[in-house]
1. Could you check how many residues of region 191-238 are buried (at least 23 other Cβ atoms within 10 Å of the Cβ), of a type in the set (D, E, K, R) and either part of a helix (DSSP H, G or I) or not assigned by TED's automatic domain parsing to the domain that holds Leu127 (or both)?
2. For region 127-138, name all the residues that are more than 17 Å from the chain's Cα centre (by Cα) and buried (at least 20 other Cβ atoms within 10 Å of the Cβ).
3. Being outside any helix (DSSP H, G or I) and in the same structural domain as Thr226 (by TED's automatic domain parsing) is true for just one of Ala111, Ala124. Which residue is that?
4. Among the numbered criteria (1) modelled with pLDDT of 95 or more; (2) buried (at least 16 other Cβ atoms within 10 Å of the Cβ), which single criterion is violated by Asp101?
5. Please go through region 223-247 and pick out each residue that is of a type in the set (Ser, Thr, Tyr) and under 18 Å from the mean Cα position of the chain (by Cα).
6. Quick one: Gly117 ticks every box in (1) in contact (Cβ under 8 Å) with a residue 24 or more places away in the chain; (2) touching a helix residue (DSSP H, G or I) at 6+ places or on another chain (Cβ under 8 Å); (3) part of a loop (DSSP other than H, G, I, E, B) bar one, so which box is it?
7. Please indicate, with yes or no, whether at least one residue in region 164-174 is part of a loop (DSSP other than H, G, I, E, B) and within 16 Å of Phe104 (Cβ to Cβ).
Amino acid sequence: TVPHNIYLLTLPLIYLLYIKMVALIRVGKSTLLTIILAGILAGALPELVMGQNCGCAANLCCSQYGYCGTGNDYCGKGCREGPCFASPSTNGVSVANIVTDAFFNGIINQAPANCAGKSFYTRAAFLDAANSYPQFGKVGSTDDSKREIAAFFAHATHETGHFCYIDEINGASKNYCDKTNTRYPCKPNKNYYGRGPLQLSWNYNYGPAGEAIKFDGLNNPEIVATDRVVSFKSALWFWMGSVHSVISQGFGATTRAINSIECNGGNPSAVNSRAQYYTQYCNQLGVAPGDKLTC
């Protein structure tokens, strides 16, 4: 993540240093000041200066957004260089062997024939996108892999009506612009309503998704609904960043991660619908669904 307030924090420091500089110059110590000032600035501003160039100090990580720091936000997912956290080892499971033609077609064939998604979403596009996320469906035991894949397709089924919909129903009439997010500002005449398998929404999701997948998420959000591989990649980007880490807590935790407003009685029918799809797909894949299916 980007430390948005670092500029505000450093401005008072620079001002105080300037006041000290003036005072020292008045007593004839400008040479000493130069040395002190350089040293203080070098120590006080390494994250700002070095982070912008992604040339971090040896003990700092360069985040996926090009800023230096420590902790999971910098050394975790997307870490470019430095003491990045090691990714969990994969289990060698083949996602393609789990998401077979029969499994995928068994879902999409339930959508009406006139659905736009029937000619858009394909198993090949999903597998192509999954290749960009080597941790998806490949962490833990084989049963863990099956449960994660079942969970992903359960949510996709619920969100798209068995892959019927590409765009959110009446999405263009809704406002998904968070104007308080200045890092990913909304662009004129662009709509950030739900698109794709998990209905990617909001400017603060389209922006970073585009950075990760290499498309202009703010100026061209429509590509999530026109490029089938990008569409699946956007769904997997959200999944790996917001859902993957809670999959071991039960399916209910994944529902909370995707749409928390449904939980705690917010929309019990939607929560149960997701859980039913998940249980159904677990049965198809021959794995127990586990506990804590709702939220």
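The values are calculated or read from the model by the stated rules, or taken from the named source; none is laboratory data. Every value quoted in this text rests on a predicted model; they were computed, and no experiment measured them. Please note: Cβ atoms are built from the backbone with ideal geometry, for glycine as well, and neighbour counts cover all protein chains shown.
1. Final tally of qualifying residues: 1.
2. Pass one, region 127-138, residues more than 17 Å from the chain's Cα centre (by Cα): 127-128, 138.
The one that is more than 17 Å from the chain's Cα centre (by Cα) and buried (at least 20 other Cβ atoms within 10 Å of the Cβ): Lys138.
3. Details: Ala124 fails: outside any helix (DSSP H, G or I).
Criteria check complete, one pass: Ala111.
4. All conditions are met except number (2).
5. Filtering region 223-247 for residues of a type in the set (Ser, Thr, Tyr) gives 226, 231, 234, 242, 245.
Correct list: Ser231, Ser234, Ser242, Ser245.
6. (3)
7. Keep residues of region 164-174 that are part of a loop (DSSP other than H, G, I, E, B), which gives 164-166, 168-170, 174.
If we keep only those that are within 16 Å of Phe104 (Cβ to Cβ) too, we end up with 164.
Yes - at least one qualifying residue is present in region 164-174.
Residue by residue, here is whether (1) part of a loop (DSSP other than H, G, I, E, B); (2) within 30 Å of Pro134 (Cβ to Cβ); (3) modelled with pLDDT under 80; (4) outside the structural domain of Lys214 (by TED's automatic domain parsing) holds:
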position: Thr1; (1), (2), (3), (4): yes, yes, yes, yes
position: Leu24; (1), (2), (3), (4): no, no, yes, yes
position: Thr34; (1), (2), (3), (4): no, no, yes, yes
position: Asn59; (1), (2), (3), (4): yes, yes, no, yes
position: Pro83; (1), (2), (3), (4): yes, yes, no, yes
